Amino acid sequence: MRSIIIALLCLFGSTQMMAADLKKGEKINKTCALCHGAWGQGTAGAKSPRIAGMTTGFLVKILTEYRSKKRKNAGMVTTSGIHKMTDKHIQDIATYLAGIDLRNDPRFDVDHAKGDKAKGKEIFNSECKGCHRRTGYGKPEKGIPALAGQQTKYIINTIERFKARNRVHDDDPEDDLFDEMFPKKEDMLNLTAYLSTLDDVTEPISATLPGGKSILAKGNPAVKSKKTNIAKAPSQEVVPGARVSEITQTVAKMELGTGISRDEAIVAMRNKAVELNMRLVGEQHVSRALEKRGEKTPYLAIFQFCNLSDAKAIVHNNPLYAAYMPCRVAMVEDTSGKIWLMMLNLDILVDNTLVSKDIVKTVIGVNQKMLEIMVAGTTGDL
């Protein structure tokens, strides 16, 4: 049995390399951060894997495949704007993400997975260590990705998709490597239980961004300054994806798709919220109310969604978050008559002072659900 997880993330192909602009990559990453976190750390679950530290070649490959629809994820494509990215955009964001190093910062350790770690270590040593190294961080110079630090449910989901042939391994549709691999799910759980220990840090230091800049946060004993070094310089260049305010970096917005009416968008958002267990707790049809008073105004309506358990956890962590509850999507008509959906980008709120790991995951998870609601509205997806 070959290395188990050349399988997992290793779908590398030849790509024409070009000079990358890290500042542009950092800007494009704002749209990736809506689901994957500001530093590409990912969040628990199968939908938002860690993308920080993946090799440039791998990231270029998968982004190109999403752009060509070889890989399909309509929500991600709409939010990130991959379908509008040029080859240069892809090279810039791939290079930027590849340069983020989270390995030596305990704030980004993945949760320990359930399973027998000792048995998982045996599987790793016999099948994985040869290619992915003893540390589990792979061999980037040879295109072998890291398994340490990757989100557990994403790894399991990837294995299952390879086994079911829902995802092509090694660019070979006939590859049968996973047909007989992991006959028991227990083996998969044991392996991921061990993998989840490989990014545990014994001597914490600050994680780094491309160019050697530190990701600084309050409470990190290895950091003297409490001020983030993440560049905030404004840029006027338009990049693909859900637009994020360049001033406050707190608002994401999407334009309604061609042919999608306001009513269709509203119905789609309501239905998606039900699917995601996000209760619609309020609606304010502002322009309609003003028109009844004789005041003509561009269309404006506000829709409020909430998952009660998530709201409780977030506010318990920091009562200040109560000011942002419930989560809101505004439907706004601009001066040209275009209709936009806008929401507060919750992930950006935790950029400068990382809250506890568990709450970061909750915040990003809520953010992701709200984005799915917005995407449903902009596409009329019922």
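The values are calculated or read from the model by the stated rules, or taken from the named source; none is laboratory data. Predicted model, so just to flag it, every value in this text is computed and none were measured. Heads up, the Cβs are rebuilt from the backbone with ideal geometry, glycines too, and the neighbour counts pull from every protein chain shown.
Every residue, every condition in (1) more than 29 Å from residue 75 (Cα to Cα); (2) in contact with a His (Cβ under 9 Å, 6 or more places away or on another chain); (3) assigned by TED's automatic domain parsing to the domain that holds residue 368; (4) part of a helix (DSSP H, G or I), yes or no:
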| position | (1), (2), (3), (4) |
| --- | --- |
| 267 | no, no, yes, yes |
| 271 | no, no, yes, yes |
| 274 | no, no, yes, yes |
| 280 | no, no, yes, no |
| 289 | yes, no, yes, yes |
| 298 | no, no, yes, no |
| 302 | no, yes, yes, no |
| 309 | no, no, yes, yes |
| 314 | no, no, yes, yes |
Consider residue 50 against the criteria (1) buried (at least 23 other Cβ atoms within 10 Å of the Cβ); (2) assigned to a helix (DSSP H, G or I); (3) of a type in the set (Lys, Arg): it satisfies all of them except one. Which criterion is unmet? (2)
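Could we say that residue 20 is within 26 Å of residue 156 (Cα to Cα), at pLDDT 80 or above and in a loop (DSSP other than H, G, I, E, B) here?
Values: within 26 Å of residue 156 (Cα to Cα): no; at pLDDT 80 or above: yes; in a loop (DSSP other than H, G, I, E, B): yes.
Here the answer is no, as residue 20 does not meet what is asked.
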Would you point out which residue out of 338, 357, 369 is at pLDDT 85 or above, within 20 Å of the chain's Cα centre (by Cα) and either of a type in the set (Lys, Arg) or surrounded by fewer than 20 Cβ atoms within 10 Å (Cβ to Cβ) (or both)? 369
Is there any pair linking a residue in region 33-48 that is closer than 18 Å to residue 209 by Cβ and outside the structural domain of residue 93 (by TED's automatic domain parsing) to one that is at pLDDT 80 or above and outside any loop (DSSP other than H, G, I, E, B), with Cβ under 7 Å and at least six apart or on different chains, and which? none
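Please pick out the residue among 141, 122 that is closer than 20 Å to residue 98 by Cα, free of Cβ contacts under 8 Å to residues at least 24 places away in the same chain and part of a helix (DSSP H, G or I). Please lay out each step first, then the result.
Details: 122 fails: closer than 20 Å to residue 98 by Cα.
After applying the criteria, what remains is 141.
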